[in-house]
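Reviewing the structure listed below.
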Amino acid sequence: MPTALGPASRDSAAQWARATLPRTPALIRFRWHYQDERVKYAGRGTVRIQPPDSLRFDYVGPLGLGSGAAVIIGDSVVWADPDKDFRSLVPAVPMLWAAFAMVRPPTEQAAVFGAQLEQRVVWQFAQPADTLAYVATPPDSARRGGMLEAEWRRRGKLVARSWARLDTLAHPASARIDFADAAGKTGGARFELTVVAFDTAQVFAPVIWRSRR
Amino acid sequence: MLAGCPYGFQGGTLPNVKTVAIMPFDNDTPEPRLTAEVSEAVRQALEGRLGLRLATEARADAIVRGRVVRYDPDVPQSVLAGVGQARVTKRKVLIIVDVEIVNQREGTTVWKRQGLSVDGDYDPPAEQEGRKAALAKLVQQIVDGAQSQW
């Protein structure tokens, strides 16, 4: 994201990030596809979002074989079961939020930069090791949906980049996350999802957030 | 084909349904593996026992969807009294699911059960055995329920 950014208010960034979240609990059903140099998988999944910071991610593998789930609060994985499967499918929590066109607010340690470029809003949250940058393009008058692009760098090296498309209601529609290879170039793993339903009429049982192990 | 049947079904199938798509069940429990295991039980019931063919969501006559509402893995079944303490010698798992089969061509619900409860005994700590028994009962309940639509 080669854009000149100036220092910006953390409060404004946090307010913008909060606005990317649904206002009420939401269940999102999606189809997903994952591939890296060794494997290709596809399946279905759901995420349940409980604003402001909780997310449960459930997935089923190809042909319904194998399933798993994880609970994330903020930037932390509270539990994942099976742990190894989830971490290979979703190596970066901020990118998972971004895939659903949602943004975590900057941490207290982050230096915040921003810019407004015509219709687009650009934010960068720079922490000691990790830098997250976002470019948000709102839906336009031609009824085209918006877009949230995200980029994660660790010590300057690209880790992942994502593109999340939004529908005209600003709900997530599809996304792609590209993970860089060891040399920091894109072309490593890729995770793609297509949303098939966005449901705000759900009531989540408290037990879904607990781990049994 | 049975004479006089208004839907033209063949033994054991649902009215006007020959192909089904099984959607992953929502899982309201802390046991993530149930999503796949319940889907597999539903597949066994519909494909293996009722003779329906699996198809993609876009092409299937009907879709099956549902929710795993509750999973209780260690309900005490039998207790051995002892001095100062009791020992549970048998437990059971309890699984409660909501299931719905919707005919997508007609937009009608063919079969629906909410709070379908199945259980399976096991000797601790072999919880998986109890789960297997409960899922076998789930297969049977779906078969029985679907056949009751005749």
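For the structure I just gave you, tell me whether B:LEU50 is under 16 Å from the mean Cα position of the chain (by Cα), within 14 Å of chain A (Cβ to nearest Cβ) and touching a residue at least 12 places away in the same chain (Cβ under 8 Å).
Against the criterion (under 16 Å from the mean Cα position of the chain (by Cα), within 14 Å of chain A (Cβ to nearest Cβ) and touching a residue at least 12 places away in the same chain (Cβ under 8 Å)), B:LEU50 does not qualify.
Would you please name the residue that is nearest to B:VAL69 (Cα to Cα), looking only at residues in segment B:98-128 that are charged (D, E, K, R) and surrounded by 15 or more Cβ atoms within 10 Å (Cβ to Cβ)?
Here the answer is B:ASP98.
Results for (1) in contact with a Phe, Trp or Tyr (Cβ under 6 Å, 6 or more places away or on another chain); (2) over 19 Å from A:ARG18 (Cα atoms), shown as yes or no for each residue.
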position: A:MET147; (1), (2): no, no
position: A:ALA164; (1), (2): no, no
position: A:HIS171; (1), (2): yes, no
position: A:ARG176; (1), (2): yes, yes
position: A:PHE191; (1), (2): yes, yes
position: A:ALA201; (1), (2): no, yes
position: A:PRO206; (1), (2): no, yes
position: A:SER211; (1), (2): yes, yes
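Any idea how many residues of segment B:109-150 are touching a Pro at 6+ places or on another chain (Cβ under 7 Å) and assigned to a helix (DSSP H, G or I)?
Residues meeting the conditions: 1.
As an exercise: evaluate B:VAL68 against (1) part of a helix (DSSP H, G or I); (2) surrounded by 17 or more Cβ atoms within 10 Å (Cβ to Cβ) and give the number of the one condition it does not meet.
The number of the failed condition is (1).
Going through segment A:193-208 one residue at a time, which ones are more than 8 Å from chain B (Cβ to nearest Cβ) and part of a helix (DSSP H, G or I)?
The one that is more than 8 Å from chain B (Cβ to nearest Cβ) and part of a helix (DSSP H, G or I): A:PRO206.
Taking A:THR20 as the residue in question, decide whether it is of a type outside the set (A, V, I, L, M, F, W, C), more than 12 Å from chain B (Cβ to nearest Cβ), touching a residue at least 60 places away in the same chain (Cβ under 8 Å) and within 21 Å of A:PRO106 (Cα to Cα).
yes
What number of residues in segment A:51-67 are acidic (Asp, Glu) and within 14 Å of another protein chain (Cβ to nearest Cβ)?
1
Can you work out which of the residues in segment B:1-51 that are modelled with pLDDT under 90 and of a type in the set (Gly, Ala, Ser) is nearest to B:GLN141 (Cα to Cα)?
So, considering only residues that are modelled with pLDDT under 90 and of a type in the set (Gly, Ala, Ser), the one nearest to B:GLN141 (Cα to Cα) is B:GLY12.
Here are B:GLU100, B:GLU57, B:GLU31, B:GLU106: which of them is more than 14 Å from chain A (Cβ to nearest Cβ), not aliphatic (A, V, I, L, M) and not in a strand (DSSP E or B)?
B:GLU106
Being touching a Phe, Trp or Tyr at 6+ places or on another chain (Cβ under 9 Å), crowded, with 18+ Cβ neighbours inside 10 Å and closer than 25 Å to A:LEU132 by Cβ: is that true of A:ARG44 here?
Considered against the rule, which asks whether it is touching a Phe, Trp or Tyr at 6+ places or on another chain (Cβ under 9 Å), crowded, with 18+ Cβ neighbours inside 10 Å and closer than 25 Å to A:LEU132 by Cβ, A:ARG44 comes out as no.
In segment A:123-162, how many are in contact with a Gly (Cβ under 6 Å, 6 or more places away or on another chain) and under 22 Å from A:SER9 (Cβ atoms)?
3
The values are calculated or read from the model by the stated rules, or taken from the named source; none is laboratory data. These figures come from a predicted structure and were not determined experimentally. Using ideal geometry, Cβ is built from the backbone for each residue, glycine included, and neighbour counts are taken over all protein chains shown.
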